[in-house]
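Chemist: Please find one structure pasted underneath; my questions will follow.
The values are calculated or read from the model by the stated rules, or taken from the named source; none is laboratory data. Here the structure is a predicted model, which means the values were calculated and not measured. Note that we place each Cβ from the backbone using ideal geometry, even for glycine, and neighbour counts take in every protein chain shown.
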There are 2 protein chains.
Amino acid sequence: MTEVRGNVIVGQSGGPTAVINSSLAGVFKTAKDRGARKVYGMLHGIQGLLQERYVDLEEHIKSDLDIELLKRTPSAYLGSCRFKLPEICDDREIYDKIFSILDKLEVEYFFYIGGNDSMDTIKKLSDYSLLNGSKIRFMGVPKTIDNDLAATDHTPGYGSAAKYIGAITKEVIRDGLVYDQQNVTILEIMGRNAGWLTGAAALAKGEDCEGPDMLFLPEVTFDVDSFMKKVEELHKKKASVVVAVSEGVKLADGRYVCELTDGIEFVDAFGHKQLTGTARFLAEKINREVGCKTRAIEFNSLQRCASHIVSRVDITEAFQVGGAAVKEAFEGETGKMIILKRVSDDPYVCVTDIYDVHKVANVEKKVPREWINEAGDYVTEEFVNYIRPLIQAELTPIMTDGLPRHLYYTDVEKKQG
Amino acid sequence: MTEVRGNVIVGQSGGPTAVINSSLAGVFKTAKDRGARKVYGMLHGIQGLLQERYVDLEEHIKSDLDIELLKRTPSAYLGSCRFKLPEICDDREIYDKIFSILDKLEVEYFFYIGGNDSMDTIKKLSDYSLLNGSKIRFMGVPKTIDNDLAATDHTPGYGSAAKYIGAITKEVIRDGLVYDQQNVTILEIMGRNAGWLTGAAALAKGEDCEGPDMLFLPEVTFDVDSFMKKVEELHKKKASVVVAVSEGVKLADGRYVCELTDGIEFVDAFGHKQLTGTARFLAEKINREVGCKTRAIEFNSLQRCASHIVSRVDITEAFQVGGAAVKEAFEGETGKMIILKRVSDDPYVCVTDIYDVHKVANVEKKVPREWINEAGDYVTEEFVNYIRPLIQAELTPIMTDGLPRHLYYTDVEKKQG
């Protein structure tokens, strides 16, 4: 008989991915299978928990079919937040409040699915639990399309975003060849400081596709003049030129390229200035100065929510890291993040392990300079070999009436107190 | 034994769709199966033919596997053009040139896969063949994501674009709910004069999704003030508001909404001014005047090239109209376009028929006003019932190394003369 455990709570934080709910499914199912009494879900992460907004997940995930649907549901099922806890020394009250809510719910295990900032939350909560003698165990479950988390070979969420980018880049390249007229297409890809996603456009290159002509990652300083010169040269040689740029490419003076536009300033759902307009700016400049037809295509939010095409490797690993976090916490670990360790490239084998969250939080992993070519306009074969295993195989959406089915959050919100 | 037939030539014209190559496959396979000696493909449609650019398709489509890949390859495999033939009375020379090229190739059957403008080409060529006593038969094969062709229940290409729009609209709606912060998202959907694609966003509405809040089609005059008022009202009631607008929405004075921006003027691959910026303009206005977070998402070219998610009904019908065109031409028809006739809604049954191309060319079919609600901000149930059968089922991409495989055009161009 499975040992009966105390209660579990799980939250999602930061930008969503196409597979973040697979990690939630992994936490939920493993916790239930291993005897957790109740599995609570925080609504909108720690921010929602502070307002005592949470649900009993069993009221929402009622069957194995629901678990399969949850794995295939885009965006954070429980809602997310961008909320950084203060330093413990600056505001102990907020910590006391969190722990009193957790105690009231008889929570013994706390899981947080997120990126850098979210691991900071795990770090602080586990530190505080040492200070106040709490027995609650805190574990981080990695996720981010940006792949910028330290210590782990890669982050769940990245593989599916890379697969999506590779697939649509192939389609857009093909689309650019349709008319017998020279044209330049600029693709704008997410990534504020790290070029993992932009580099993934190189996946398009293969036996049936030339791939994009150039890739510009934020790791290399962007020079507008040399960019224009390169485009002009390519334009002389090729009918259709396709260039991918990261939204985060920066000039030598530190300004983002998108800041060169006099355009509209967008603010995203959590108040950050959106780095949008880089492709538009460059496409317009090419149109004016090179004199050819141009297109600017923003890959936009679909990069983090296109659950209609996901990598099976990714969605499986996302589930696994959720499950591993539960297993480790139940065995006594706390203040750790689950990481993925690549044991072998070919055949691809990856296992989970644990890592001290103090060494992960707030550290940003960038693309190594040696994985970008010397000219700074493409990634190396090593880079592509690194991503390729992460985009393998598919998990077919469950289609109803012609469209992918998701698990609908029914908003049965429980407020206590 | 199959009767040996003369040579066939086929071309693709106008904007591509995700399934236009399925029609090409239908023409090729049916023509070969029914005894055609050679099947030529014009490169870049009639414009390429005038430069004697064509290929022997058997050198490129070598196996049944190639046919399956071709069906799943986005964009026009043979390349496309935007080229309108002059009136016969204005320039007989160009017609003589075309017919002399066709005669040299011993072409007896001419197929053109396209929309309104392309049917104009079939009309003029078949008219001219009557004048000059040519025995060549000319048949039109319908395609367009815009669904604006007359006489046919719908056009191949529309179902897949609608399925894509429905699927990603669901994902984006879900994504908008992720943060506990009010936001408005404006989706920009293709359709210069007809709202068939924008209306397809309503497909997102179902048991697991509320669907978009409002839809604005070009068939109804767009009023910026009343739009802003409606958004403001929704914003008061809902955390996340999602509105889809057609790129072609127009003000009462006839100007496109996107012309209100002082933004960049884009020119597309064939020199038309792109109707881009509507969503950006509206999102910025909402951000400024309503004061909430906004996002503008352009669904962009993916609408016409997302072959990674297609409707099986659509891709099958695309193949069928190609095959039907061959069958009809081989049986003696000329100057006709293949149409789809819906025999029954439930169960959905659609058959092919022929229609006089003179009655089709240059006629634009819009969304009937009664399929848009009185307020002009959503489509009716009838509209959704009309599209729903067209998006059913999938044709799985053939995946290699993690990405959809396409048939690569190897550029074995044959030039004669």
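Results for (1) away from chain A (no Cβ under 14 Å); (2) buried (at least 24 other Cβ atoms within 10 Å of the Cβ); (3) touching a strand residue (DSSP E or B) at 6+ places or on another chain (Cβ under 6 Å); (4) among the basic types (Lys, Arg), shown as yes or no for each residue.
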site: B:Val10; (1), (2), (3), (4): yes, yes, yes, no
site: B:Ala25; (1), (2), (3), (4): yes, yes, no, no
site: B:Arg34; (1), (2), (3), (4): yes, no, no, yes
site: B:Arg37; (1), (2), (3), (4): yes, no, yes, yes
site: B:Gln51; (1), (2), (3), (4): no, no, no, no
site: B:Lys62; (1), (2), (3), (4): yes, no, no, yes
site: B:Ile67; (1), (2), (3), (4): yes, no, no, no
site: B:Ile113; (1), (2), (3), (4): no, yes, yes, no
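Chemist: For A:Ala361, are the conditions met, namely being within 27 Å of A:Arg137 (Cβ to Cβ) and surrounded by 13 or more Cβ atoms within 10 Å (Cβ to Cβ)?
Modeler: yes
Chemist: Please work out if A:Ser226 is away from chain B (no Cβ under 14 Å) and among the polar types (S, T, N, Q).
Modeler: Yes: the conditions hold for A:Ser226.
Chemist: Could I ask something else about it? Looking only at the range B:246-262, which residues are assigned to a strand (DSSP E or B), touching a residue at least 24 places away in the same chain (Cβ under 8 Å) and surrounded by fewer than 24 Cβ atoms within 10 Å (Cβ to Cβ)?
Modeler: B:Lys250
Chemist: Give the number of residues within the range A:119-138 that are farther than 19 Å from A:Asn362 by Cβ and either among the small types (Gly, Ala, Ser) or buried (at least 16 other Cβ atoms within 10 Å of the Cβ) (or both).
Modeler: Residues flagged as farther than 19 Å from A:Asn362 by Cβ and either among the small types (Gly, Ala, Ser) or buried (at least 16 other Cβ atoms within 10 Å of the Cβ) (or both) within the range A:119-138 amount to 5.
Chemist: Continuing with this model, one more query. Being out of contact with any strand residue (DSSP E or B) (no Cβ under 6 Å at 6 or more places or on another chain), in a strand (DSSP E or B) and of a type outside the set (A, V, I, L, M, F, W, C), is that true of even one residue in the range A:206-213?
Modeler: Yes, that holds for at least one residue.
Chemist: Go through the range B:272-292 and count every residue that is hydrophobic (A, V, I, L, M, F, W, C) and part of a loop (DSSP other than H, G, I, E, B).
Modeler: 3
Chemist: Inspect the range B:386-393 for any residue being within 22 Å of the chain's Cα centre (by Cα), within 14 Å of chain A (Cβ to nearest Cβ) and part of a loop (DSSP other than H, G, I, E, B) and give the result as yes or no.
Modeler: yes
Chemist: Which condition from (1) within 14 Å of another protein chain (Cβ to nearest Cβ); (2) at pLDDT below 95 is the one that A:Gly211 breaks?
Modeler: (2)
Chemist: From the list A:Leu131, A:Leu149, A:Leu125, A:Leu217, pick out the single residue that is touching a Lys or Arg at 6+ places or on another chain (Cβ under 7 Å) and either away from chain B (no Cβ under 11 Å) or not hydrophobic (A, V, I, L, M, F, W, C) (or both).
Modeler: Selected residue: A:Leu149, the only one of A:Leu131, A:Leu149, A:Leu125, A:Leu217 that is touching a Lys or Arg at 6+ places or on another chain (Cβ under 7 Å) and either away from chain B (no Cβ under 11 Å) or not hydrophobic (A, V, I, L, M, F, W, C) (or both).
Chemist: Is it the case that the range B:48-58 has a residue that's in contact with a Cys (Cβ under 8 Å, 6 or more places away or on another chain), under 23 Å from B:Leu125 (Cβ atoms) and assigned by the TED database to the domain that holds B:Arg312?
Modeler: Checked against the condition, which is being in contact with a Cys (Cβ under 8 Å, 6 or more places away or on another chain), under 23 Å from B:Leu125 (Cβ atoms) and assigned by the TED database to the domain that holds B:Arg312, the range B:48-58 yields at least one hit.
Chemist: For the subset of the range A:168-196 comprising residues that are touching a Phe, Trp or Tyr at 6+ places or on another chain (Cβ under 8 Å) and in a helix (DSSP H, G or I), which member is surrounded by the fewest Cβ atoms within 10 Å (Cβ to Cβ)?
Modeler: Applying the filter and picking the extreme gives A:Ile168.
Chemist: Just wondering, is there one or more residues in the range B:73-93 that are closer than 30 Å to B:Val4 by Cβ and among the aromatic types (Phe, Trp, Tyr)?
Modeler: Scanning the range B:73-93 turns up at least one residue that is closer than 30 Å to B:Val4 by Cβ and among the aromatic types (Phe, Trp, Tyr).
Chemist: May I ask you to verify whether B:Ala318 is within 23 Å of B:Pro16 (Cβ to Cβ), at pLDDT 95 or above and more than 11 Å from every other protein chain (Cβ to nearest Cβ)?
Modeler: yes
Chemist: How many residues, within the range A:364-383, are touching a residue at least 24 places away in the same chain (Cβ under 8 Å) and either charged (D, E, K, R) or surrounded by fewer than 17 Cβ atoms within 10 Å (Cβ to Cβ) (or both)?
Modeler: The total comes to 5.
Each row is one residue, and each column tells you yes or no for (1) closer than 29 Å to B:Ala202 by Cβ; (2) part of a strand (DSSP E or B); (3) not assigned by the TED database to the domain that holds B:Glu247.
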position	(1), (2), (3)
B:Thr294	yes, yes, no
B:Phe319	yes, no, yes
B:Ala324	no, no, yes
B:Ile339	yes, yes, yes
B:Lys366	yes, no, yes
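Chemist: If we only count helices (runs of 4 or more DSSP H) wholly inside the range B:61-153, which ones have 1 or more residues that are under 21 Å from B:Ala324 (Cβ atoms)?
Modeler: Counting at least 1 such residues, we get B:64-71, B:116-131.
Chemist: Can you tell me which residue within the range B:399-417, out of those that are closer than 28 Å to B:Leu102 by Cβ and β-branched (Val, Ile, Thr), is modelled with the lowest pLDDT?
Modeler: B:Val412
Chemist: Okay, moving on. If a residue has to be facing another protein chain (nearest Cβ under 9 Å) and touching a strand residue (DSSP E or B) at 6+ places or on another chain (Cβ under 7 Å) to count, how many in the range A:274-283 make the cut?
Modeler: 4
Chemist: What number goes with the only condition from (1) over 18 Å from B:Glu328 (Cβ atoms); (2) surrounded by fewer than 24 Cβ atoms within 10 Å (Cβ to Cβ); (3) in the same structural domain as B:Val39 (by the TED database) that B:Ala150 does not pass?
Modeler: With (1) over 18 Å from B:Glu328 (Cβ atoms); (2) surrounded by fewer than 24 Cβ atoms within 10 Å (Cβ to Cβ); (3) in the same structural domain as B:Val39 (by the TED database) applied to B:Ala150, the lone miss is (3).
Chemist: Do you know which residues across the range A:69-88 are away from every other protein chain (no Cβ under 13 Å) and modelled with pLDDT of 95 or more?
Modeler: A:Lys71, A:Leu85, A:Pro86, A:Glu87, A:Ile88
Chemist: Would you call A:Pro397 touching a His at 6+ places or on another chain (Cβ under 9 Å) and in contact (Cβ under 8 Å) with a residue 60 or more places away in the chain?
Modeler: yes
Chemist: Could you give me the residue pairs with C-beta distances under 7 Å whose first residue belongs to the range A:175-186 and is within 7 Å of chain B (Cβ to nearest Cβ), whose second residue is part of a strand (DSSP E or B) wherever it lies, and which are 6+ apart or on separate chains?
Modeler: Between residues of the range A:175-186 that are within 7 Å of chain B (Cβ to nearest Cβ) and residues that are part of a strand (DSSP E or B), the close pairs are A:Leu177/A:Ser240; A:Val178/B:Ser80; A:Tyr179/B:Ser80; A:Gln181/A:Lys293; A:Asn183/A:Ser240; A:Asn183/A:Lys293; A:Asn183/A:Thr294; A:Asn183/A:Arg295.
Chemist: Check whether at least one residue in the range B:354-377 is of a type in the set (Val, Ile, Thr), under 25 Å from B:Leu70 (Cβ atoms), over 21 Å from the mean Cα position of the chain (by Cα) and away from chain A (no Cβ under 14 Å), and report yes or no.
Modeler: No; the residues of the range B:354-377 include none that is of a type in the set (Val, Ile, Thr), under 25 Å from B:Leu70 (Cβ atoms), over 21 Å from the mean Cα position of the chain (by Cα) and away from chain A (no Cβ under 14 Å).
Chemist: Can you confirm whether the range B:190-202 contains a residue that is in contact with a His (Cβ under 7 Å, 6 or more places away or on another chain) and not assigned by the TED database to the domain that holds B:Ser311?
Modeler: No; the residues of the range B:190-202 include none that is in contact with a His (Cβ under 7 Å, 6 or more places away or on another chain) and not assigned by the TED database to the domain that holds B:Ser311.
Chemist: B:Val349 passes all but one of (1) away from every other protein chain (no Cβ under 14 Å); (2) in contact (Cβ under 8 Å) with a residue 24 or more places away in the chain; which number fails?
Modeler: (2)
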